[in-house]
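Below is one structure; the comments refer to it alone.
The values are calculated or read from the model by the stated rules, or taken from the named source; none is laboratory data. Because the structure is a prediction, the values reported are computed rather than measured. No Cβ is skipped: glycine too gets one built from the backbone with ideal geometry, and neighbour counts run over all protein chains shown. Remember, those area values only see protein heavy atoms, side chains included, never the ligands or the DNA or RNA. Shrake-Rupley method; radii C 1.70, N 1.55, O 1.52, S 1.80 Å.
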Amino acid sequence: MTSLIVAVVATFLGLALGVPAALALARSNLKAKAAIQNVFLSPLIVPELVLGAALYQQLAIPLRLQNYLPVLILGHTILMLPYAVRVTGASLANLDAQAEEAARMLGASPVRAFFDVTLPMLRPGIFSAALLSFITSFNNLPLSLLLTKGSTTLPIEMLDYVAQGIDPMIAAMSTVILAATVVIAFIAERTVGFAQIFGGINK
Amino acid sequence: MSVPAAQFVNITQTFGDVVAVDDISLDIEQGKLTTLLGPSGCGKTTSLRMLAGFSKPTAGQILIEGEDCTRLPPEKRGLGMVFQQYALFPHMTVRDNVGYGLKLRKVPAAERRKRADEALELVGLTAHADKRPRQMSGGQQQRVALARAIAIRPQLLLLDEPLSALDARLRVEMRAELRRIQAETGLCVVLVTHDQDEALELSDQMVVMRAGRIEQAGTPQAVFSAPASRFVAEFLGYENFLTLADGRRAAVRPEQLRVGAAGDPDAAGDLLLDGTVTDVAYRGVDLLVTSEVTDPAGQAVRLVADVRGAGPGAFVPGQAVRLAIAPEHLIVLAA
């Protein structure tokens, strides 16, 4: 249950921060654009265990939290950012910028054109970013490892079980998670297509 | 005379150090089709985007129906525009695409549907109203884009290289289609293109641009029969240039250069040039014969003649020939 909450909230926060960031990055012509983009992508490079340890030392301990859930969610949100920025960015890059201009010519204000045309065109990209984030968060182990006081995620729970001995419940859980992941992947493939999700390699 | 549909008044546009449009003034006449023609980077698209409202000129004024619109954003100008890559809304049906401008104008749904269907009928796509854009071919999508732009009944229709994404045959078909639609609607159209055939076929007024300036403007016939400069002549397909005895430069089209055997007598008044064939290319309907001859100024020049109906063996490289140009086909250039 904790896993679900963390995954849903972190995905939501990741998108809430990542999508506007991707938009700003795509539209601006700042010199620091590449640097900012790298900041958003950096959670992919930093080992998750390091991020987990840092959050543990800098937030969880100093704040004397009884329940680490907020820190856990924060960690996952940081982890989700690259997906949100990268995937949304990829679909933005494929986006026909002239469609928004066409809407302007037909009488739409910039805000109206964004909501009527650009956002709906981005929807598949945002949707796939959400799915990808959700799965990543739901299955995450290394980041969660140090941050589970008071609330444990499913992979950690499973790790504990395995550490204590082989139990058929683990096999059952694994099967369920695997099946769920396959279903989600199937939905993603049918609605958007994998090529699109993983950076939009070929249309 | 009525007020021009649009006017550029001393318009300059710079991007950083680059001068994209350099002090142009131009009147777009009501009900006519004006073409901005030129190679890429000549400022034609920048000019159109300033007229559309997407970019603000660095200096000068844009007037629409006599009113200063220089600072007005695109959505307040009421112009229609068709883009190179169709720019349809993929998440809407064809009918909703066409009706979008009317929806923004708060036209009631029934009226909106009627007018969208009318616009679709005009472009011959009535049967496709409920499809999504991606279910249609490129040519059909471009017609939807046209219907969408026309549906708002714009004062002025802007076409930004609308046919360049289509294949060659479709392009020719769509030209005829554009002519028909313009004749039926009486719309004032500004067309940007780099295709001289398109410009010659469609324009009432043709504006040839180069490096941000207007090189020559006039009816297609006026510009074609008397190009003002070598640049315009080259752009319109004059491939041969030579210097006359008095030092002036002149141009000749390949199909107006006659090739005969050396020493051939010819009609009085023709300019005769003696030389040797250097290359022959057989192309089915015609034969391209390249010869090196001495022009009246005594310089060696290479001229290409387009000989209709000649077989591949009619001329061979190394052959001595005499080229003849009738005086009316010798276009003397001002610059």
For this session: Look at B:GLY237 and say whether it is on the phi > 0 side of the Ramachandran plot, free of Cβ contacts under 8 Å to residues at least 12 places away in the same chain and assigned to a loop (DSSP other than H, G, I, E, B).
Result: no
For this session: Residue by residue through the range B:183-195, note down the ones that are open to solvent by 50 Å² or more (accessible area, probe 1.4 Å) and either part of a helix (DSSP H, G or I) or β-branched (Val, Ile, Thr) (or both).
Result: B:ALA183, B:GLU184, B:THR185
Exercise. Looking at (1) out of contact with any strand residue (DSSP E or B) (no Cβ under 6 Å at 6 or more places or on another chain); (2) open to solvent by less than 40 Å² (accessible area, probe 1.4 Å), can you tell me which one B:ARG132 breaks?
Worked result: (2)
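Residue by residue, here is whether (1) in contact with a helix residue (DSSP H, G or I) (Cβ under 9 Å, 6 or more places away or on another chain); (2) surrounded by 19 or more Cβ atoms within 10 Å (Cβ to Cβ); (3) within 14 Å of chain A (Cβ to nearest Cβ) holds:
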site: B:GLN13; (1), (2), (3): yes, yes, no
site: B:LEU36; (1), (2), (3): yes, yes, no
site: B:PRO39; (1), (2), (3): yes, no, no
site: B:ALA52; (1), (2), (3): yes, yes, yes
site: B:ALA87; (1), (2), (3): yes, yes, yes
site: B:GLY101; (1), (2), (3): yes, yes, yes
site: B:ASP117; (1), (2), (3): yes, no, no
Problem set entry | Test set (1) of a type in the set (A, V, I, L, M, F, W, C); (2) touching a Gly at 6+ places or on another chain (Cβ under 8 Å); (3) within 17 Å of B:GLY38 (Cα to Cα) - B:LEU156 fails condition number | (3)
Exercise. Given the conditions (1) open to solvent by 10 Å² or more (accessible area, probe 1.4 Å); (2) in contact (Cβ under 8 Å) with a residue 12 or more places away in the chain, and given that B:GLY212 satisfies all but one, which numbered condition is not satisfied?
Worked result: (1)
Exercise. Is at least one residue of the range A:74-83 among the β-branched types (Val, Ile, Thr), in contact (Cβ under 8 Å) with a residue 24 or more places away in the chain and either in a helix (DSSP H, G or I) or farther than 30 Å from B:LEU158 by Cβ (or both)?
Worked result: yes
Exercise. Within the bounds of the range B:262-270, is there any residue that is within 23 Å of B:GLY237 (Cα to Cα), part of a strand (DSSP E or B) and either in contact with an Asp or Glu (Cβ under 9 Å, 6 or more places away or on another chain) or modelled with pLDDT under 90 (or both)?
Worked result: no
Exercise. Residues of the range A:106-118 being more than 8 Å from every other protein chain (Cβ to nearest Cβ) and either basic (Lys, Arg) or farther than 13 Å from B:PRO73 by Cβ (or both), which ones?
Worked result: A:PHE114, A:PHE115, A:THR118
Exercise. Out of curiosity, is B:ARG113 more than 13 Å from chain A (Cβ to nearest Cβ), surrounded by fewer than 22 Cβ atoms within 10 Å (Cβ to Cβ) and closer than 23 Å to B:GLN142 by Cβ?
Worked result: yes
For this session: Considering each of B:LEU63, B:LEU51 in turn, give the residue that is under 26 Å from the mean Cα position of the chain (by Cα), in a helix (DSSP H, G or I), modelled with pLDDT of 90 or more and within 20 Å of B:ILE28 (Cβ to Cβ).
Result: B:LEU51
Problem set entry | Given (1) within 14 Å of another protein chain (Cβ to nearest Cβ); (2) modelled with pLDDT under 90, number of the condition A:ALA103 does not satisfy | (2)
Problem set entry | the range A:23-65, residues that are within 25 Å of A:ILE126 (Cα to Cα), of a type in the set (A, V, I, L, M) and open to solvent by 80 Å² or more (accessible area, probe 1.4 Å) | A:LEU30, A:VAL39, A:LEU44, A:ILE45
For this session: Tell me which residues, restricted to the range B:151-182, are under 17 Å from B:GLN30 (Cβ atoms) and open to solvent by 20 Å² or more (accessible area, probe 1.4 Å).
Result: B:ARG153, B:GLN155, B:GLN182
Exercise. In the range B:54-85, what residues are open to solvent by 30 Å² or more (accessible area, probe 1.4 Å) and either free of Cβ contacts under 8 Å to residues at least 24 places away in the same chain or within 9 Å of chain A (Cβ to nearest Cβ) (or both)?
Worked result: B:PHE54, B:LYS56, B:GLU67, B:ASP68, B:ARG71, B:LEU72, B:PRO73, B:GLU75, B:LYS76, B:GLN84, B:GLN85
